[in-house]
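Here is the structure we will look at.
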Amino acid sequence: MTGTDNGIGLRAVGIARQWIGTPYLHQASVRGVGTDCLGLLRGIWRALYGEEPEAVPPYTADWAEPARQERLWQAAERHLLRAPDGVPAPGQVLLFRMRAGSIAKHLGISAEPAPGHMTFIHAYTGHGVIESPLSTPWQRRIVARFTFPAGA
């Protein structure tokens, strides 16, 4: 299976929008209190499915970059479904590489407020959870896209 029905994606966008305004807090995942980008995804997962699929060990802000380990990508491969290439659909999990040659260490949820105006929702240092334009610079940083599994 390569994707989900659009209903789960739209539910994920609605849940993510409930988190907008939550302050940025490294390793946290509490709506309205604090979260980082992984914490936002964890909160969406809990709202869709209940319990998280695995315990998240403590992690540093560099996401294991010195060791060159793609931990965030590997976890996405374990629990989400790889999305087909093309324009991101609402509710897809976007995995970003912030610099060329670095590991992927940021993620967000694609959204579309109006046709042709793609946005994504993410927790960003110094800004908290926000909905940002999925501009060309952000699009160039996407290294993988995933969908939530069916059954939510």
Give the carbon-plus-sulfur fraction of the accessible surface of the chain in %, rounded to a whole number; probe 1.4 Å, heavy atoms of protein chains only.
-> 56
DSSP beta bridges in the chain [antiparallel fraction, %, rounded to 5] = 95
Segment ALA75-HIS127, length gained on full extension (0.36 nm per residue, minus Cα span) | 16.2 nm
Using a 1.4 angstrom probe, figure out how much accessible area the chain has per residue, in square angstrom, rounded to the nearest whole.
-> 50
Mind grabbing the accessible area of ASP36 for me, 1.4 Å probe, Å², rounded to tens?
-> 0
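Taking trypsin sites (Lys or Arg not before Pro) that fall in a DSSP loop and have at most 10 other Cβ atoms within 10 Å as cut points, what is the longest piece of the chain between them?
Excluding the exposed sites themselves, the longest stretch runs over 1-67.
The values are calculated or read from the model by the stated rules, or taken from the named source; none is laboratory data. Since the model is a prediction, treat every value here as computed from it, not as a measurement. Every residue, glycine as well, gets a Cβ built from its backbone with ideal geometry; the counts of neighbours run over all protein chains shown. Side chains are part of the model used for accessible areas, which takes the heavy atoms of the whole protein and leaves out ligands, DNA and RNA. Shrake-Rupley method; radii C 1.70, N 1.55, O 1.52, S 1.80 Å.
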